[in-house]
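All remarks here apply to the structure that follows.
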Amino acid sequence: ETGVTQSPTHLIKTRGQQVTLRCSSQSGHNTVSWYQQALGQGPQFIFQYYREEENGRGNFPPRFSGLQFPNYSSELNVNALELDDSALYLCASTRTGLTYNEQFFGPGTRLTVL
Amino acid sequence: RKEVEQDPGPFNVPEGATVAFNCTYSNSASQSFFWYRQDCRKEPKLLMSVYSSGNEDGRFTAQLNRASQYISLLIRDSKLSDSATYLCVVAFQGGKLIFGQGTELSVKP
């Protein structure tokens, strides 16, 4: 196992609601990235946090936001949920400074928006 | 055009077959290259890094051609346990990963 945990494992919400997903990084890792994986697609980069600051963002609207805490755990918040937000949300942690950027993924949270 | 494009799947092969996956990327600023494996409804896991000199790990061989912006993965002597989706991944400085859409492999007895 990677040592990266996510909660909850599954979640069902309705359109317009808000959701918070949580990620606990592998010990010693100071950087966390979030990805959205729609059915049949590869993961898409949402954003990355390093030392509690956003450190890069993909092509996602501002209603996707995040936080990183001093213990390097992280949250992904999505406001005003839309049907297309239904996906597997993955977080990945790494230790900045690793020469080959290996990221370790958590098991994901499967979000269904009705 | 997608930043990372892979062969459309699925690939259905018998046990013992050799199978090759191809991938192209569009951004020449890409820094590192990987193949990840993803089992059904699970998280992606690093299979191997990819270098210009080519690298081999048992039955798996990966190759990078920076001039052509092309990445390949060769699996020899396929096993049933190789059945999974294989994701071509390009990394940028800072750790942003760009994934291809994945190619599904199904190895049959």
One point scatterer per Cα, no solvent, Debye formula: log10 I(q)/I(0) for the protein assembly as shown at q = 0.09, 0.15 Å⁻¹ comes out as -0.36, -0.98
For chain A, the Debye formula with one identical point scatterer on each Cα and no solvent gives log10 I(q)/I(0) at q = 0.15 Å⁻¹ as -0.58
Computed Rg/Rh for the range B:16-69 (Cα atoms; Rh = Kirkwood radius) stands at 0.98
In the protein assembly as shown the cysteines whose Cβ sits 4.7 Å or more from every other Cys Cβ are B:C40
The correct pair for the range B:24-109, radius of gyration to one decimal and Dmax as a whole number, both in Å and from Cα atoms, is 13.0, 42
Scoring only Lys, Arg, Asp and Glu (+1, +1, -1, -1) among other residues with Cβ under 14 Å from the Cβ of A:I12 yields +2
Net charge (Lys, Arg +1; Asp, Glu -1) of residues whose beta-carbon lies under 15 Å from that of B:Y25, B:Y25 excluded, is +1
With x for Gly and Pro, the residue-by-residue ³J(HN,Hα) of the range A:29-43, computed from phi through the Karplus equation 6.51 cos²θ - 1.76 cosθ + 1.60 at θ = phi - 60° and given in whole Hz, is 8, 10, 10, 10, 10, 10, 9, 10, 10, 6, 4, x, 10, x, x
Pseudo-spin-label distance A:S27 to B:Q93, built 7 Å along Cα→Cβ, given in nm, is 3.3 nm
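Bear in mind these aren't lab numbers, they're just calculated from the coordinates by the rules spelled out. Just so it is clear, the structure is predicted and the values come from calculations on it, not from any experiment. As a convention, Cβ positions derive from the backbone with ideal geometry for all residues, glycine included, and neighbour counts pool all protein chains shown.
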